[in-house]
Structure formats: C-alpha cells, structure tokens
Amino acid sequence: MSAVDNSPLPEGVLRTTVDIPGGPLAVLDTGTPERGTVVMVPGFTGSKEDFRLLVKPVADAGFRVVAIDQRGQHESDGPDDEAAYGVEVLGSDLLHVVKALGDGPVHLVGHSFGGLVGRAAVLQEPSAFRSFVLMGSGPAALTGGRADVMPFMRAILLEGGVHAVWEASLQLPPRSDKPPVSDDVLAFLKDRMLGNTPASLLGTGQALITEPDRVAELKATGIRCHVMFGEQDDAWSPETQTEMAERLGCGVSVIEGAWHSPAAENPPATAAALLAFLTA
C-alpha cells in the first residue's frame, strides 16, 4: 500500500479511460507525445495515483504519460472471476492499452506487482516496448514478511469481503521509520481499497506469491531495462533487486529516503532517475 499524495492533479493531466477488449481502464493521461509515451503500471492494491507526482515532470520533459488502473483495481471495473487476474491476462490488457494509444512502441514503468505484469507483456510482445523500468519489483514471487501476510488476507477477504481486509490492514503496526499518513490520504487509501473487486485481490494476490523467475527470458528479449528501488524497500530487498539488475545487465537507481513506493515517497529523486534513463 502506498502513501499517495492526495492533492489535485497537476494542470494538463486528465482523468479518462482507455477502451480495450476486457473493458475500459481508468487512466491519467497527459496527451500528445513529443519524445515518446511512458506507460505506468501500479502494483497490488495500488492505482494510477501512485504515479501522480511523476506525471508532470516526465510530461514536462516531452513525454506523454499514461498511468493506468488495472482491471478490477480502484476505478477500473473487472470480472468476478479470480482466474481473470493472472499476470498473463493482465499483461495482455497492457498490450491492448499500448495498441489503443496508437503511439507506437512505448516506454514501460512497472511498480511492484505491476513490474511482474509489465514483464509478462514484454515477453508476449517485445516489439511493443522501447524500454522497461522495474520499480520496486523483483525477479520472482514476493517473499518475506509481506508474502507471509497474504494467506491471512485471503482468508479475511473470503470471510468478510474487501471492507474486512481494509479494517485488518489498520491493525498492522506502522513502521516507526516512516512518516505518519495524513487523514486525507488515509481516506483516499480506504476509498481505493474498497474500489477493488474481491476477485482482483484474490487473483493478483495469488499471482504475486506464485510468480516464477523469468529474468533470463526478459534478458533474452534484448529490451533496454533499468531497475529502481527505494533504499529501504521492504518488499523485494535491495539486494534481491540489485542481483536481478546484474542478471539483466542493466543499471540501477537507488532512491534515497524511500521505501517500497519511491514515486510517492521521494518523487523528485524518482523523476530525475527515471528521466536520466529515458533520455540517455
């Protein structure tokens, strides 16, 4: 879950939808590209708003930015079928988004679970992408403390629905090294959580803890990659992500003062690192 800035969107950033065969997806869109298009994909329980503070600086550099809600996530509808939320299906959705935008091959940014979805899309059709940034994402299934919580969340979801999951999340002890979440952001996070379809949380949650290691396949595509993460990431460890970058033969950006969501926790440094890669 990300601590999302909840202030109004910057001027020129539109809330709209992209129509794909599985149904319209809610997006933030900055319009016509000059230097190419960047598509941003959020992670588990996330949303397009995770990138809201990256959109303007990247757009100001001449890129069209399109940040999406995946199917069943926040403001995008989705089917009531857990099987409809695996990484291959979501990767196909992402390819349909790219084709619907009509801007040719795009730059791709995938945060956390969105990185696994982005990887599935790249493996399905490498020619649809110019580059790929894995942000706070890993080589395979999530492990560690966050993964240990998933079976309990699944049981709560099946028993009491999405609202019960939200209430349970409030019982988790906050990290003492992170700033507190403001009331307005907490209200947004609640609305966002309740906007998820139960099937999407079940399906994406299961996919998150069962994804195989496909780093070698990604490297074989030849696509230009970059790995980026907060210096205190508590999902996939910095060491795990650094090792993934070594296997990919790509660069690494470590975002100071950030945890698992650098786009929300240190947006200036994240935007600078992203633009350095995109414009290299």
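Computed from the coordinates by the stated procedures, all read-outs in this text should not be read as laboratory data. Only a predicted model underlies this, so the values are computations on that prediction, with no experimental measurement involved. When we count neighbours, we look across all protein chains shown, and the Cβ atoms used for this are built from the backbone with ideal geometry, even at glycine.
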Self-check item: Reachable lysines, given that their alpha-carbon falls under 23 Å from the alpha-carbon of Lys178 and they are not under 8 places away in the same chain
Solution: Lys48, Lys190
Exercise. List every DSSP H helix in the chain whose Cα atoms extend 20 Å or more along the helix's own long axis and whose mean Kyte-Doolittle hydropathy is at least 0.5.
Key: 87-101
Self-check item: Only Lys, Arg (+1) and Asp, Glu (-1) charged, at Cβ; the chain dipole about Cα centre in debye
Solution: 580
Quiz item: Put +1 on the Cβ of each Lys and Arg and -1 on the Cβ of each Asp and Glu in the chain; which of Pro268, Gly23, Ala245 then has its Cα farthest toward the positive end of the dipole?
Solution: Ala245
Quiz item: Could you state the number of Å between the C-alpha centres of the stretch 229-274 and the stretch 21-88?
Solution: 20
Practice problem: Based on the mean of other Cβ atoms within 10 Å per residue, sort peptides 65-74, 239-248, 194-203, 163-172 so the most packed one is first. | Solution: 65-74, 194-203, 239-248, 163-172
Quiz item: Using 1/(1 + (r/R0)^6) with R0 = 30 angstrom and r between the beta carbons of Ser237 and Glu34, what's the FRET efficiency to the nearest 0.05?
Solution: 0.20
Quiz item: What is the set of long-range amide H partners of Phe44 at a cut-off below 5 Å, with H atoms built 1.01 Å from backbone N?
Solution: Phe113, Gly114
Exercise. Show that you can apply the helix-only estimate: for the chain, add -39,500 (n - 2.57) for every DSSP H stretch of four or more residues, divide by all residues, and state [θ] at 222 nm to the nearest 500.
Key: -13000 deg cm²/dmol
Quiz item: Residues with beta-carbon under 10 Å from that of Ile255, excluding Ile255: net charge, scoring Lys, Arg +1 and Asp, Glu -1?
Solution: -4
Self-check item: Rel. contact order, % - alpha carbon contacts under 8 angstrom, at least six apart, the chain
Solution: 22
